[in-house]
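Values in this text are rule-based calculations from the coordinates and carry no lab data. As the structure is a prediction and not an experimental result, all values here were calculated from the model. Every residue, glycine among them, receives a Cβ derived from its backbone with ideal geometry; neighbour counts consider all protein chains shown.
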Amino acid sequence: MSAGPGAGAAAPVTRVLGFAEAELPAALAAQVAALEAEAWPGATPGHDPALAPRALLLVTADGTVAASLALLFKDIRHAGRTYRAAGLSSVVTRRALRGRGCGARLVAAARRELAAVPGLDLVLFSCDRPLAPFYEAAGFTRLPGAVLVGGTPEEPLATDGPGFDKEVLAEFLGPDGPDGPDARAGAAAFAGTRIDLHPGLVDRLW
C-alpha cells in the first residue's frame, strides 16, 4: 500500500466519491489505473469481483483523482468463529499531491464508510511497516505478532514471508463500538495469531 502522510502545501479542494468497482466511470477508472501503475509498475488494475470491490476516490474540483483505494469484503474463519471482514487495498496518492493530507482524508472516509456497513465485524489489512503509524493515526490498531495469510490454501502468501516487512492492522466493529468489550475481545483473539484471509490469487493480500 501507499499513502500520503505528512503535511506540505495547502490541500486542494476535494470531494470523496464511492462506486462499486464495476460501475466506476471509465474516465475515473483510467486515472486510478494510471496512479496504481505509477506506484506498482506491472500490477494489473482491478480486483476480484468475488470480493465485492468498492472504489473510493478523492477527486479535485477539476476531476483529477488525488487519491484512491479499494474496499474488499469476504467472510473469514478464525478461532472458531466466522467474521464478516473488509480490507483496504491499493491505497495510493497522486505523486504531485503527496504531503497534503489527501491520503489521510481518504482513509478516514473509508473508515467511516466501513463503520456504517451492516453486519461487518472487522476491518483487517496489512501495510509496509513504515506506513503503520499513518494507519494508526487514522484510527486503526496494530495487531502485535499477527500474520495475515493471503493467496489460497494451496498457494498461500503470508505477511511474514521472505522479503516482507509488514504489520497487520484492524478495527473491530462490535455492537459496543471499537472500544467496547466485544471489540477488545476480538483484538485479543487476533493478536499474535496467523489469520487465514485467503482472498484468492488476484488480491493475494488485499
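Computed FRET efficiency, Cβ-Cβ of ALA185 and PHE164, R0 30 Å: what is it to the nearest 0.05? Don't skip to the answer; put the middle values down first.
Details: r = 28 Å, r/R0 = 0.94.
Computed FRET efficiency for ALA185 and PHE164: 0.60.
Note down the magnitude of the dipole of the chain about its Cα centre, charges +1 on Lys and Arg C-beta and -1 on Asp and Glu C-beta and zero elsewhere, to the nearest 20 debye. Don't skip to the answer; put the middle values down first.
Details: 19 positive and 22 negative charges, 96 e Å.
Approximately 460 debye in magnitude.
Loop-located GluC sites (Glu not before Pro) across the stretch 126-172 with a Cβ neighbour count of 16 or fewer within 10 Å are GLU154, with loop assigned by DSSP. Rounded to the nearest 10 degrees, the inclination of helix 26-39 to the longest alpha-carbon principal axis of the chain is 70 degrees. Just round it to a whole percent: the fraction of Cα-Cα distances in the chain exceeding 22 Å. Within the chain, distances greater than 22 Å cover 46 percent of Cα pairs.
If you line up the long axis of helix 181-190 against the longest principal axis of the chain, both from Cα atoms, how many degrees apart are they, to the nearest 10? Once rounded, one gets 80 degrees.
When N counts the residues of the stretch 59-149, how does its alpha-carbon radius of gyration compare numerically with 2.2 N^0.38 Å, as a ratio? Write down the numbers at each step before the final one.
Details: Rg = 14.5 Å, N = 91, 2.2 N^0.38 = 12.2 Å.
Ratio of Rg to 2.2 N^0.38 Å for the stretch 59-149: 1.18.
Of the peptides 39-48, 191-200, the order by per-residue mean of other Cβ atoms within 10 Å, starting with the highest, comes out as 191-200, 39-48.
Report the extension gain between THR193 and ARG77 in nm, rounded to one decimal, defined as 0.36 nm multiplied by the number of residues separating them, less their alpha carbon distance.
So the chain would gain 40.5 nm between THR193 and ARG77.
The antiparallel fraction among DSSP beta bridges confined to the chain stands at about 90%.
Our summary of shape: the Cα atoms of the stretch 88-206 have principal axis extents of 40, 36, 24 Å, ordered from largest down, in whole angstrom.
Toward the positive end of the charge dipole of the chain, with +1 on the Cβ of Lys and Arg and -1 on the Cβ of Asp and Glu, the farthest Cα among ALA37, PRO181, LEU97 is that of LEU97.
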